[in-house]
């Protein structure tokens, strides 16, 4: 597999990456850019632990080839608060996205490993639909597993984030 | 641009070349875990603002009977707490900090926990049985009390005051209000106590507690929500290679292991730097780039021996029930047969439980750098001291030459593949002559787990005309746990061996009727030959869901026969006020109505039901109520609401325990409705989240956790003790809804329709 040069735009920063274009984005984010938001869970797009936003939509980085996202706007957990501020035209970037803040206040995480996907998917949901019903939240997050069983706390937190 | 050197340039330059060798002991200049980021992975922070200051590492664990092993007081009166317990996402680190801060009269912002490390941490035993607070609280309380006594003695001299007149706040000692004061830092900052823990230093009465017993937020969650936390899956060692193991997709029988017949690694020539490494039947690949390591593992062609010896998941329970077993009586009191013959009502309840997987949300991962003189392994073992012994034996080094550091990963709920992957990393590092990082892929973790073993249970219960239990007989069929990690087994270092017969692997006398006063009891284990089955180990509340599923359905059968409300039936039989307490608490929280007519809620084809159950694991007291819905046409069961009440003695941090109950209830819903490891005659076939589904957000019930606080009782486990109760409550709710009893879980639509045939 030949190495090629790609331009990757992550959280507003441009990176030049020499790699096999079939390399899943997750491994570039983890190993080349040392980002910790997107993380390995299954490598099969089944669990949501690797979720990032590409052009404002949630995407599974573990099966998305580098070549497919070169030049597009990628947002990771580390940049989701800034992304939110941009989407809502906020004067300043908050410390956390409202969903992160609500999950923290609800003490939702146990091991916390799933929280990347939960935050990214919820951020996408609230961006598309600022006032989702409980059923819409459950449906949106049904593709994001949590093995610790924190779903009830997550649900409360996302509902609260939608209200604020 | 993209090379392993570039990657490692992004990471701190700790590690490999910094090994110092002093007095034969391998010492790492700084904790790698602590270096990885300012916060550090595996670093269990008290407050993030407090810098982590660690003592010099040593190759033998500090003695568990010395104050200095647990506590270091710094010049600024802040404290580093060393404990032997792993943070697995359950939040106990916060509880342990509360305990130490309470006894020392510190603020929670003045104390921080050190990472778990064989070269830093006292050995308090592994992080098992939800017992970190149960075992840790007396030890840490005693160490802190001893320290406080010494500090007050020093302060009395310094302030020229009577010890009895001294008071402490935030680590500052005063003789009287507004008078002179001296801080812990001024008294002993940076020096050692050099004291044994006598257990005789005065400790606070629970009425004096201001931190213990109060809700306290965890300090580690902000990092986990923002990407600052470095999980073990995200740690890197400078100069390391990425590695993957190569195994058959899904395990065969434990005793069969996996035997290589033929290997062809010619395809690796086209993958830069990829190498196949092998010891006997243990295979792995290394490569400088992670994606190349993944591709390399797939590119190697291996022909494995495939003995078709398994009973298949469909034929499992019939084979278990018919097997030649090794039997022992766990408990016998009175004569159950005579008592049952004279009873007003007698019932029999059978039940089967499947293999269930730990299935941690992130597959296990480990990093290792094994050199000829010694080595470092970073892993997520629940017992770093035991892991070190296993790794040392595998790589042929004395245990004290191996340093094992704990790195926090995803929740594990028992013995998943964390020790297996640690051994794989150590072995691959040794074979490669380089530091390596081994990340199990999803199929490795799902397919080579040490599963929670399956169970066949038969209960025969009898009561008198007033609903008082008079006879309780339980027979359980199961196999013991697997002692040898897959890596050691495949590498030829150790043959498949079962755990010695410790009690927790068999019929649990606490869950099987132990919460009731019953004159005649007989509990019998029928132990299966484990090498013929899948690998097994403890999975959160081991076997308890199965025991309660059988036992508590039998109690309900008696209640139905005698037309006694199921909660009232249990009230008449619980053996003490603590069982009565959780039963009453859950009845109150769920607004249990004894007059309600069963099975008359919902509509004609979607029936609603409500059930109650009691249960525990090794200690503590759990009670649960379940509201469920059964679709008679589709066989779909939906759990609407689970209530769980837990009496775990003095609960140090009710907030984390509420979250533990929430997780227990949701995980129990998942295990009762969905979770089952499937296998054919050759191998396990449940290899991912499609083959092994778990509960999702769209089907998640509402949950109501209830902590029954007992400020004057000792603290006991709180991580698994409502699960058995909830499993039973769900089963009893099913009967309430349908008038039929399930005899096997999970409650898949096919099984439900089979059970409902006549409805």
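The values are calculated or read from the model by the stated rules, or taken from the named source; none is laboratory data. Treat the numbers as computed from the prediction; the structure is a model and nothing was measured. Backbone-built Cβ (ideal geometry, glycine too); neighbour counts: all protein chains shown.
I'd like to know if segment B:714-724 contains one or more residues that are in contact with a strand residue (DSSP E or B) (Cβ under 6 Å, 6 or more places away or on another chain) and either farther than 29 Å from residue B:552 by Cα or not in a loop (DSSP other than H, G, I, E, B) (or both).
The answer is yes; a qualifying residue exists.
State yes or no: is residue A:78 under 12 Å from the mean Cα position of the chain (by Cα) and more than 7 Å from chain B (Cβ to nearest Cβ)? Please lay out each step first, then the result.
Details: under 12 Å from the mean Cα position of the chain (by Cα): yes; more than 7 Å from chain B (Cβ to nearest Cβ): no.
Judged against the criteria, residue A:78 is not a match.
Residues being over 14 Å from residue B:545 (Cβ atoms) and within 13 Å of another protein chain (Cβ to nearest Cβ): count how many of those fall in segment B:640-674. So that I can check it myself, show each step before the final result.
At the first step, the residues of segment B:640-674 found to be over 14 Å from residue B:545 (Cβ atoms) are B:640-641, B:643, B:645-663.
Keeping just the survivors that are within 13 Å of another protein chain (Cβ to nearest Cβ) gives B:640-641, B:643, B:653-663.
The number of residues fulfilling the criteria is 14.
Of the residues B:274, B:318, B:314, B:323, which single one is away from chain A (no Cβ under 14 Å), crowded, with 17+ Cβ neighbours inside 10 Å and farther than 25 Å from residue B:380 by Cα? Working first, answer last.
Details: B:274 fails: away from chain A (no Cβ under 14 Å); B:318 fails: crowded, with 17+ Cβ neighbours inside 10 Å; B:314 fails: crowded, with 17+ Cβ neighbours inside 10 Å.
Step by step, each of B:274, B:318, B:314, B:323 is checked, and only B:323 is away from chain A (no Cβ under 14 Å), crowded, with 17+ Cβ neighbours inside 10 Å and farther than 25 Å from residue B:380 by Cα.
Could you grab me the full set of residues in segment B:212-227 that are part of a loop (DSSP other than H, G, I, E, B), in contact (Cβ under 8 Å) with a residue 60 or more places away in the chain and at the interface with chain A (Cβ under 7 Å from one of its Cβ atoms)?
Hits for segment B:212-227 are B:217, B:218.
Looking only at segment A:13-53, count every residue that is within 20 Å of residue B:693 (Cα to Cα) and either in contact with a strand residue (DSSP E or B) (Cβ under 6 Å, 6 or more places away or on another chain) or not assigned by TED's automatic domain parsing to the domain that holds residue A:68 (or both) and tell me the total. Reasoning before the result, please.
At the first step, the residues of segment A:13-53 found to be within 20 Å of residue B:693 (Cα to Cα) are A:40-51.
From the residues that got through so far, the ones that are either in contact with a strand residue (DSSP E or B) (Cβ under 6 Å, 6 or more places away or on another chain) or not assigned by TED's automatic domain parsing to the domain that holds residue A:68 (or both) too are A:45, A:50-51.
Result for segment A:13-53: 3.
Pairs needed: first member in segment A:90-101, part of a helix (DSSP H, G or I); second member anywhere, buried (at least 18 other Cβ atoms within 10 Å of the Cβ); C-beta distance under 6 Å; at least 6 residues apart or different chains.
Close Cβ pairs satisfying both conditions: A:98/A:161; A:99/A:119; A:99/A:122; A:99/A:123; A:99/A:161; A:100/A:119; A:100/B:225.
Please list, ordered by residue number, the helices (runs of 4 or more DSSP H) wholly in segment B:305-396 having 2 or more residues that are more than 27 Å from residue B:255 (Cβ to Cβ).
On the way: elements: B:316-322, B:336-341, B:384-395.
Passing ranges, in order: B:336-341, B:384-395.
Please pick out the residue among B:666, B:651 that is touching a helix residue (DSSP H, G or I) at 6+ places or on another chain (Cβ under 9 Å), closer than 16 Å to residue B:358 by Cα and buried (at least 24 other Cβ atoms within 10 Å of the Cβ).
Working: B:651 fails: closer than 16 Å to residue B:358 by Cα.
None of the others qualify; the one that does is B:666.
Quick check on my filter: what residues within segment A:31-75 are more than 9 Å from chain B (Cβ to nearest Cβ), free of Cβ contacts under 8 Å to residues at least 24 places away in the same chain and surrounded by 24 or more Cβ atoms within 10 Å (Cβ to Cβ)?
Answer for segment A:31-75, where residues must be more than 9 Å from chain B (Cβ to nearest Cβ), free of Cβ contacts under 8 Å to residues at least 24 places away in the same chain and surrounded by 24 or more Cβ atoms within 10 Å (Cβ to Cβ): just A:60.
For segment B:431-471, which residues satisfy the criterion of being in the same structural domain as residue B:561 (by TED's automatic domain parsing) and at positive phi?
The one that is in the same structural domain as residue B:561 (by TED's automatic domain parsing) and at positive phi: B:467.
Is at least one residue of segment B:271-294 at pLDDT below 95, assigned to a loop (DSSP other than H, G, I, E, B) and in contact with a helix residue (DSSP H, G or I) (Cβ under 7 Å, 6 or more places away or on another chain)? Step through it out loud before you land on a result.
So in segment B:271-294, the residues at pLDDT below 95 come out as none.
For segment B:271-294, residues at pLDDT below 95, assigned to a loop (DSSP other than H, G, I, E, B) and in contact with a helix residue (DSSP H, G or I) (Cβ under 7 Å, 6 or more places away or on another chain): absent.
Since residue A:16 meets every condition but one in (1) more than 7 Å from chain B (Cβ to nearest Cβ); (2) modelled with pLDDT of 95 or more; (3) more than 21 Å from residue A:113 (Cα to Cα); (4) more than 13 Å from the chain's Cα centre (by Cα), which condition does it not meet?
All conditions are met except number (1).
One residue is enough: does segment B:482-505 have a residue meeting the conditions over 20 Å from the mean Cα position of the chain (by Cα), buried (at least 22 other Cβ atoms within 10 Å of the Cβ) and closer than 27 Å to residue B:573 by Cβ?
There is no residue in segment B:482-505 that is over 20 Å from the mean Cα position of the chain (by Cα), buried (at least 22 other Cβ atoms within 10 Å of the Cβ) and closer than 27 Å to residue B:573 by Cβ.
Exactly one of these conditions fails for residue A:139: (1) at the interface with another protein chain (Cβ under 8 Å from one of its Cβ atoms); (2) more than 18 Å from residue A:45 (Cβ to Cβ); (3) more than 15 Å from the chain's Cα centre (by Cα). Give me its number.
Failed condition: (2).
Does segment B:515-526 contain at least one residue that is in contact (Cβ under 8 Å) with a residue 12 or more places away in the chain and surrounded by 24 or more Cβ atoms within 10 Å (Cβ to Cβ)?
Here is the first cut: in segment B:515-526, the ones in contact (Cβ under 8 Å) with a residue 12 or more places away in the chain are B:515-526.
Imposing the further condition that a residue be surrounded by 24 or more Cβ atoms within 10 Å (Cβ to Cβ) reduces the set to B:515, B:523.
Looking through segment B:515-526, at least one residue is in contact (Cβ under 8 Å) with a residue 12 or more places away in the chain and surrounded by 24 or more Cβ atoms within 10 Å (Cβ to Cβ).
Examine segment B:238-248 for a residue that is farther than 30 Å from residue A:110 by Cβ, modelled with pLDDT of 95 or more and within 30 Å of the chain's Cα centre (by Cα), and state whether such a residue exists. Reasoning before the result, please.
As a first pass, look at segment B:238-248 and keep what is farther than 30 Å from residue A:110 by Cβ: B:238-239, B:241, B:246, B:248.
Now restrict to residues that are modelled with pLDDT of 95 or more: B:238-239, B:241, B:246, B:248.
If we keep only those that are within 30 Å of the chain's Cα centre (by Cα) too, we end up with B:246, B:248.
For segment B:238-248, residues farther than 30 Å from residue A:110 by Cβ, modelled with pLDDT of 95 or more and within 30 Å of the chain's Cα centre (by Cα): present.
Given the conditions (1) in contact (Cβ under 8 Å) with a residue 24 or more places away in the chain; (2) under 17 Å from the mean Cα position of the chain (by Cα), and given that residue A:106 satisfies all but one, which numbered condition is not satisfied?
The single condition residue A:106 does not satisfy is (2).
Go through segment A:102-111 residue by residue and tally those that are more than 8 Å from chain B (Cβ to nearest Cβ) and in a helix (DSSP H, G or I).
Of the residues in segment A:102-111, 2 are more than 8 Å from chain B (Cβ to nearest Cβ) and in a helix (DSSP H, G or I).
Residues of segment B:681-706 being within 20 Å of the chain's Cα centre (by Cα) and within 23 Å of residue B:591 (Cβ to Cβ), which ones?
Passing the criteria: only B:705.
Please count how many residues of segment B:395-436 are surrounded by fewer than 24 Cβ atoms within 10 Å (Cβ to Cβ) and out of contact with any strand residue (DSSP E or B) (no Cβ under 7 Å at 6 or more places or on another chain).
So the answer is 4.
Go over the candidates B:157, B:198, B:207 one by one and state the one that is closer than 20 Å to residue B:82 by Cα, at pLDDT 95 or above and surrounded by fewer than 18 Cβ atoms within 10 Å (Cβ to Cβ). Even if it seems obvious, please write down each step before you answer.
Numbers: B:157 fails: closer than 20 Å to residue B:82 by Cα; B:207 fails: closer than 20 Å to residue B:82 by Cα.
Checking each option against the conditions leaves just B:198.
Can you tell me how many residues within segment B:480-522 are outside any loop (DSSP other than H, G, I, E, B) and within 17 Å of residue B:545 (Cβ to Cβ)?
2
Regarding residue B:599, is this residue on the phi > 0 side of the Ramachandran plot, in the same structural domain as residue B:540 (by TED's automatic domain parsing) and at pLDDT below 95?
Numbers: on the phi > 0 side of the Ramachandran plot: yes; in the same structural domain as residue B:540 (by TED's automatic domain parsing): yes; at pLDDT below 95: yes.
Against the criterion (on the phi > 0 side of the Ramachandran plot, in the same structural domain as residue B:540 (by TED's automatic domain parsing) and at pLDDT below 95), residue B:599 qualifies.
Just one of the numbered conditions (1) in a helix (DSSP H, G or I); (2) under 24 Å from residue B:714 (Cα atoms); (3) more than 26 Å from the chain's Cα centre (by Cα) is not true of residue B:99; which one?
All conditions are met except number (3).
Somewhere in segment B:689-706, is a residue more than 30 Å from residue B:132 (Cβ to Cβ) and in contact with a strand residue (DSSP E or B) (Cβ under 8 Å, 6 or more places away or on another chain)? First the steps, then the outcome.
Of segment B:689-706, the ones more than 30 Å from residue B:132 (Cβ to Cβ) are B:690-691, B:693, B:698-699.
Remaining after also requiring in contact with a strand residue (DSSP E or B) (Cβ under 8 Å, 6 or more places away or on another chain): B:699.
Among the residues of segment B:689-706, at least one is more than 30 Å from residue B:132 (Cβ to Cβ) and in contact with a strand residue (DSSP E or B) (Cβ under 8 Å, 6 or more places away or on another chain), which makes the answer yes.
Of these, B:449, B:444, which one is within 14 Å of chain A (Cβ to nearest Cβ) and more than 19 Å from the chain's Cα centre (by Cα)? Walk me through it before giving the result.
Details: B:449 fails: more than 19 Å from the chain's Cα centre (by Cα).
On inspection, the qualifying residue turns out to be B:444.
Would you mind stating whether residue B:733 is in contact with a strand residue (DSSP E or B) (Cβ under 7 Å, 6 or more places away or on another chain), assigned to a helix (DSSP H, G or I) and not assigned by TED's automatic domain parsing to the domain that holds residue B:214? I'd like the intermediate steps shown before the answer.
On the way: in contact with a strand residue (DSSP E or B) (Cβ under 7 Å, 6 or more places away or on another chain): yes; assigned to a helix (DSSP H, G or I): yes; not assigned by TED's automatic domain parsing to the domain that holds residue B:214: yes.
Yes; evaluated as a whole, the condition is true for this residue.
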